[in-house]
Structures are given as C-alpha cells and as structure tokens.
Amino acid sequence: MGQESQLTPRPGSRQSGQSCPSESSGHNTTPDIAAPGHTLPPDVIADLRTDHAGEVGAVCIYAGVLWASRDADVRAFAIRHLATEQAHLLHISEWLPANQHTHLLPVWRLAGWLTGALPALAGPRATYITIEAVERFVDQHYAQQIARLRSEPHLSALRRTLLDCQRDEVHHRDEAAAAQGSGQRGLITRAWCALVDAGSRAAVYVCRYV
Ligand SMILES: [Fe+2]
Ligand SMILES: [Fe+2]
C-alpha cells in the first residue's frame, strides 16, 4: 500500500551520511541550503519520521476508502487525494533516509486503512467527516514544523517542501468539509473524530522515537 521508494538524491546533493557544511567556502558566510540527501539535525529527522509515517498512513486511508466505497463521488475524491498523498510520500522520502523510517509502518498502514475503510462502509458523509478530521490534524502538524524551520535558513528547501504538502492538506480538508454538507453530528461521529484525532497525536508522538 504505502510507497517507500527512496529516490536517488538530486544532482549535486551529497549522499546520505555526509555532513552538510554550515558555511560555504571562501568569504561567503551564507549557510548552504540543505537538499535531499544531506544529513539533517536529529530533531528534524524525528519530525520527518512522523511526516513519512503520516503520508504512508494517508495513502492507506484512501486505499481503504477505495476498497470500501462504491459511491462514485467518494471514489473520485479518494482517487484524486490518493495521487496527492503518493506524491507527498515521495517528497518526504527524498528527505528521510530509509534507515530512519519508523519501525512501526505496518501498524500505521493498518491504522490508516481502517481509518479510511470503516467510515466508507458507513457512507459518504462519514468518509468526508473523517477526512476533514485527519487533514485538520495534518495541517496543524505541518504548521508546527514549518514554524520551527522559520529560524533555520539553511533548511529553507525542506520548509518549502513542507509548505507545499501543507497547502495540499488544507485543500483536502476544505474539500472534505464542503462535500459533507450541513447537519448535526451524532455522538458516534463525534467520538470517532475524537478517536481519529487522538490516534493521530499518539502516532506522531511514538514515531518521533520508534
Ligand atoms: Fe499528505
Ligand atoms: Fe492530504
């Protein structure tokens, strides 16, 4: 389900394991801009590990939706989003060495798939509400990282990657919110959304370390 291919570092980038110099040579004191393949600080790697796990989970969410739903609109929605999440996964994989992936990817694949499949069995509105809850969390998650990177000019290319992903997640959130229509949410729906949010937070916490 989740794509985990490690892309070849871009031309001119250093191979993983080499240090990113803090300053360029000569009299120019502007820090080098880190690129995919450069060694990154441990806290940034930990953040990227959570991003990678999240994008694997996102791919599986939409795979779960497509497994469970026969609704044409839901399926078109899921196919579009799935393509975007696969692109996100590739972009994050460029930055994160494969040996830094979380060891719990099978858990997140299953959790993601269930997060997509279960509401899709219940119907389109449950699916859209779930996607809105997931993407609302992901937007906040990326926003926190992007804010931390604001003070790290040498990581501006990584920040740009995260901004691009966040923009797509916001679009996914808003599209899901618009598609679900109006109406009260019942107790089960509210409890499910709370579970999705709590599960996402727990996954991020665990992935920073495992
Ligand atoms: Fe994504
Ligand atoms: Fe998304």
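No value in this document is a laboratory result; all are computed from the given coordinates. In this text, all values refer to a predicted model and were calculated from it rather than measured experimentally. Cβ: placed from backbone, ideal geometry, glycine included. Neighbour counts: every protein chain shown.
Overview of values
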read-out: Filter result (in contact (Cβ under 8 Å) with a residue 12 or more places away in the chain, of a type in the set (D, E, K, R) and out of contact with any Lys or Arg (no Cβ under 9 Å at 6 or more places or on another chain)) within region 39-71; value: ASP51, GLU55, ASP71
read-out: Test result for GLU55, crowded, with 20+ Cβ neighbours inside 10 Å, assigned to a helix (DSSP H, G or I), touching a His at 6+ places or on another chain (Cβ under 8 Å) and acidic (Asp, Glu); value: yes
read-out: Checklist (1) within 15 Å of ligand 1 (Cβ to nearest atom); (2) of a type in the set (S, T, N, Q); (3) touching a Cys at 6+ places or on another chain (Cβ under 9 Å) applied to THR102, failing item; value: (1)
read-out: Members of region 123-169 found to be of a type in the set (D, E, K, R), surrounded by fewer than 22 Cβ atoms within 10 Å (Cβ to Cβ) and part of a helix (DSSP H, G or I), listed by number; value: ARG125, GLU132, ARG136, ASP139, ARG148, ARG159, ARG160, ASP164, ARG167, ASP168
read-out: Qualifying residue in region 171-183 (condition: in contact with a Gly (Cβ under 8 Å, 6 or more places away or on another chain) and either within 14 Å of ligand 1 (Cβ to nearest atom) or over 15 Å from ASP47 (Cβ atoms) (or both)); value: no
read-out: Meets criteria (more than 16 Å from ligand 2 (Cβ to nearest atom), closer than 19 Å to GLU85 by Cβ and without any contact (Cβ under 8 Å) to a residue 12 or more places away in the chain) for ARG150; value: no
read-out: Residues that are within 16 Å of ligand 1 (Cβ to nearest atom) and crowded, with 19+ Cβ neighbours inside 10 Å, drawn from region 72-81; value: PHE77, ALA78, HIS81
